[in-house]
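The values are calculated or read from the model by the stated rules, or taken from the named source; none is laboratory data. Since we're looking at a predicted model, the values are computed, not measured. Neighbour counts are summed over all protein chains in view; Cβ atoms, including those assigned to glycine, are modelled from backbone coordinates with ideal geometry. Ligands, DNA and RNA are stripped out before the accessible areas are found, and what is left, the full protein with its side chains, is counted by its heavy atoms. Shrake-Rupley method; radii C 1.70, N 1.55, O 1.52, S 1.80 Å.
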Amino acid sequence: MSPQERERLASEYVLGLLDPEEARDCEARLAVDERLAALVEEWRERVAELDATAPFVRPDPALWSRIEASLPARATPAIEPTTLPLSGTRATQRKRGAPWWNSLPLWRGVGLAACAATVLLAAGIGYVAQKAAQAPVLVAVLLSDQNQPAAVVNAFRDGRTELLALSELRAPEGKSLQVWTLWDRARGPVSVGLLDALRTIPLNVDSLPRPAAEQLYEITLEPAGGSPTGRPTGPILMKGNASPTGAGI
C-alpha cells in the first residue's frame, strides 16, 4: 500500500466514509499495519474538535440496563484485615509514643512524592502544550462535484498550512492541479500550491495574512506549470471553506 493510499484509507475510516465491509477490512489491517494505525490516531486527533461540535444526543434510558445485563456477575472479594509485626525503629517509636511528625523516613517519602508529582505535572503540561501546537486551528474540507470529501486543508497556529489528499487524482498530460485560497474578494484568489497529482503537501502561505474562518480553498485544473494569468482559468475540481476547530487561532 502506497503512502497516499494509506493516508486516504485512514482519513476515510475516521471520517466514516467507508462502507461496513471496507471498515472491517481496515480494522483488520490496523492490527498488522503500524503506520496505518498511527495515521488513524493522527486523524482522530485532527477531527476531535469537530466531533465536539456535534449536538448532544441523549441515549435511550434502557441502554444502561442492557449494558449491565450483558456484563458477567462479579463478586467483590472480602478484604481481611492483616496485622503485621513492627520491628526496629518503628516498633521503638510505637512503644515510646514518638509523634509521627518526627519520623525522618515519613518526611523523606513525602518529599520524594512531591518531587515526583512536580515532574509529572511539568511533563503533563508540556504534553498538552505540544498537542495543542500540533492541532489545526482551521480545517477546510474540499468537496468534489459529487459532494464527496476529496481533500482537507489544515491551518496551524504556527502559520503552517497543509493539504491532505483524501482521493486519487492526477492531472492529464499537459495540465496541472493548482491550489488557490481566497480571503479578500478585492484581492482575488492567490495560488498556494501546484501539483501534477493530488497528494499531501505543505501550502505556500508564508507571505499571506493569517488564515481566517470562511476562507475559501479550491483546486482547479490549469495548464502545465500553472495558470498563465495568475488567476484560476480552468474548471474547479474541489472547494471548501475553512471552519475553526476550537483550538484557537
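Below are the figures for this structure:
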quantity	calculated
Single match in GLU80, GLU5 (criterion: at pLDDT 60 or above and either open to solvent by 60 Å² or more (accessible area, probe 1.4 Å) or among the β-branched types (Val, Ile, Thr) (or both))	GLU5
Flag if VAL205 is hydrophobic (A, V, I, L, M, F, W, C) and modelled with pLDDT of 95 or more	no
Filter pass, GLY159 being part of a loop (DSSP other than H, G, I, E, B) and more than 23 Å from the chain's Cα centre (by Cα)	no
Conditions (1) surrounded by 18 or more Cβ atoms within 10 Å (Cβ to Cβ); (2) free of Cβ contacts under 8 Å to residues at least 40 places away in the same chain; (3) of a type outside the set (S, T, N, Q); (4) more than 28 Å from LEU39 (Cβ to Cβ); number of the one not met by PRO232	(2)
Which numbered condition ALA54 misses (of (1) at pLDDT 75 or above; (2) open to solvent by less than 70 Å² (accessible area, probe 1.4 Å))	(1)
Residue pairs meeting the criteria (Cβ under 7 Å; at least 6 apart or on separate chains; first touching a residue at least 12 places away in the same chain (Cβ under 8 Å) and open to solvent by 90 Å² or more (accessible area, probe 1.4 Å), in the range 19-31; second assigned to a helix (DSSP H, G or I) and among the charged types (D, E, K, R))	none
Single residue of SER87, SER65, SER103, SER70 found to be modelled with pLDDT under 55, open to solvent by less than 100 Å² (accessible area, probe 1.4 Å) and of a type outside the set (Asp, Glu)	SER87
Flag for VAL141 being among the aliphatic types (A, V, I, L, M) and part of a strand (DSSP E or B)	yes
THR181 farther than 18 Å from ALA151 by Cβ and of a type in the set (Val, Ile, Thr)	no
Single unsatisfied condition, THR245 versus (1) within 22 Å of the chain's Cα centre (by Cα); (2) open to solvent by 30 Å² or more (accessible area, probe 1.4 Å); (3) within 22 Å of LEU17 (Cβ to Cβ)	(2)
Residues within the range 179-215 that are under 23 Å from the mean Cα position of the chain (by Cα), in contact (Cβ under 8 Å) with a residue 40 or more places away in the chain and outside any loop (DSSP other than H, G, I, E, B), tallied	1
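The rows are residues; the columns are (1) open to solvent by less than 60 Å² (accessible area, probe 1.4 Å); (2) among the charged types (D, E, K, R).
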site: ARG187; (1), (2): no, yes
site: LEU198; (1), (2): yes, no
site: ASN204; (1), (2): no, no
site: ARG210; (1), (2): no, yes
site: ALA213; (1), (2): yes, no
site: LEU216; (1), (2): yes, no
site: ILE219; (1), (2): yes, no
site: PRO223; (1), (2): yes, no
site: PRO228; (1), (2): no, no
